[in-house]
Amino acid sequence: LIQLTPALPLSGQNVLVTAGGTREAIDPVRYISNRSSGKMGYAVAQAAREMGATVTLISTPTHLPVPAGVQMVTVNSAAELLTAVSARFSTTDLLVMAAAVSDYRPVNAADEKIKKPANHANLTIELTETPDILKTLAPQKTTQYVVGFAAETQHLLANAQRKLTSKKVDLLVANDVSKAGVGFNGDTNQVTLLRPGQDSVKTPLQSKLAVARTILETVVADQAWRH
Ligand code: CTP
Ligand code: CA
């Protein structure tokens, strides 16, 4: 029998996966974050390891088990995530940005816990934009294959197509997070895969691990086509 696909198609590749929702400090005990569970990123890390890759998983704190054989790095904020990804990008073959990066952070994180004022006045926290990690890394790209995600509640394909182009990624995984069983927090997902100049591919509703394998098989097929 001829083996058409190698058993470990990612062997020899350094795969960097980001996961979870970043935490932007308000004060020493509070932060701004989002509903990302980290499950999709952890599933990608596990699937990449099972396909033979050397895997580093950069995640915000979660209660998920670390996949076997995966090197774990914990970060909190978008700024910390940018530093951790940038430090490893030049030696990365495949970057998968599954993290839900906060778009804004408090301008000033208070040094002490913010106390309620006696007059019950409203509290205003001024926010400023965080760095866009994918856009920051795009000019440094050489041979890296980069996968981005898009979480949308409306106009899924149009918004995802814009992100595919503006973020200069090789593959964009679009998630309709307004649907039950899709995207944030659950154990299942249904995604649409977009690549420059190619027809989009809609995957069925399946476990996040199965979706992760489909994403990585798409990457492997693309890499083979490139060489
Ligand atoms: N991303 C990033 N840096 C940010 C924000 C997002 O690298 N500061 C990455 C995410 O990890 C994801 C992709 O960009 O892979 C798309 O994230 P998304 O939140 O869907 O898009 P945004 O560009 O932030 O646009 P918006 O939230 O306004 O839809
Ligand atoms: Ca965003």
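Read-outs throughout are calculated quantities, based only on the coordinates presented, and are distinct from any laboratory measurement. This one's a predicted model, so the numbers in the text were calculated from it and none came from an experiment. Heads up, the Cβs are rebuilt from the backbone with ideal geometry, glycines too, and the neighbour counts pull from every protein chain shown.
For the reader, a short list of remarks on this structure follows.
- Relative to the longest principal axis of the Cα atoms of the chain, the long axis of helix 78-89 lies at roughly 30 degrees.
- Calculated mean residue ellipticity at 222 nm for the chain: -8000 deg cm²/dmol, from DSSP H runs with n ≥ 4 weighted as -39500 (n - 2.57), summed, divided by the residue count and rounded to 500.
- Sites THR165 and ALA118 - FRET efficiency at Förster radius 45 Å, r taken between beta-carbons, to 0.05: 0.30
- Axis angle, to the nearest 10 degrees, between helix 39-50 and the longest C-alpha principal axis of the chain: 30 degrees.
- Restricting the calculation to alpha carbons of the chain gives Rg and Dmax of 18.5, 79 angstrom.
- Cα-based Lys pair tally, the chain, threshold under 16 Å, eight or more apart or on separate chains: 8
- The simple spin-label model puts a point 7 Å past each Cα toward its Cβ; for HIS63 and GLN154 those points are separated by 3.4 nm.
- In this structure the amide hydrogen of VAL191, modeled in the peptide plane, comes within under 5 Å of the amide hydrogens of THR203, none closer than 5 places in sequence on its chain.
- The C-alpha atoms of the chain define a longest principal axis, and helix 156-166 lies at about 90 degrees to it.
- Segment ASP103..GLU80, full-extension length gain: 6.9 nm, with 0.36 nm per residue of separation and the alpha-carbon distance subtracted.
- Longest site-free stretch - the chain; sites: trypsin sites (Lys or Arg not before Pro), DSSP loop, at most 11 other Cβ within 10 Å: 116-227
- Listed residue (THR214, GLY197, LEU156) projecting farthest to the positive dipole end of the stretch 150-227, Cβ model: GLY197
- Histogram of C-alpha separations across the stretch 95-198, 5 Å bin width, %: 2, 11, 17, 17, 15, 12, 9, 8, 6, 3, 1, 0
- For the chain, size of Cβ-based charge dipole, Lys and Arg +1, Asp and Glu -1, in debye: 140 debye
- Computed over the stretch 164-227, the quotient of the alpha carbon radius of gyration and 2.2 N^0.38 Å is 1.15.
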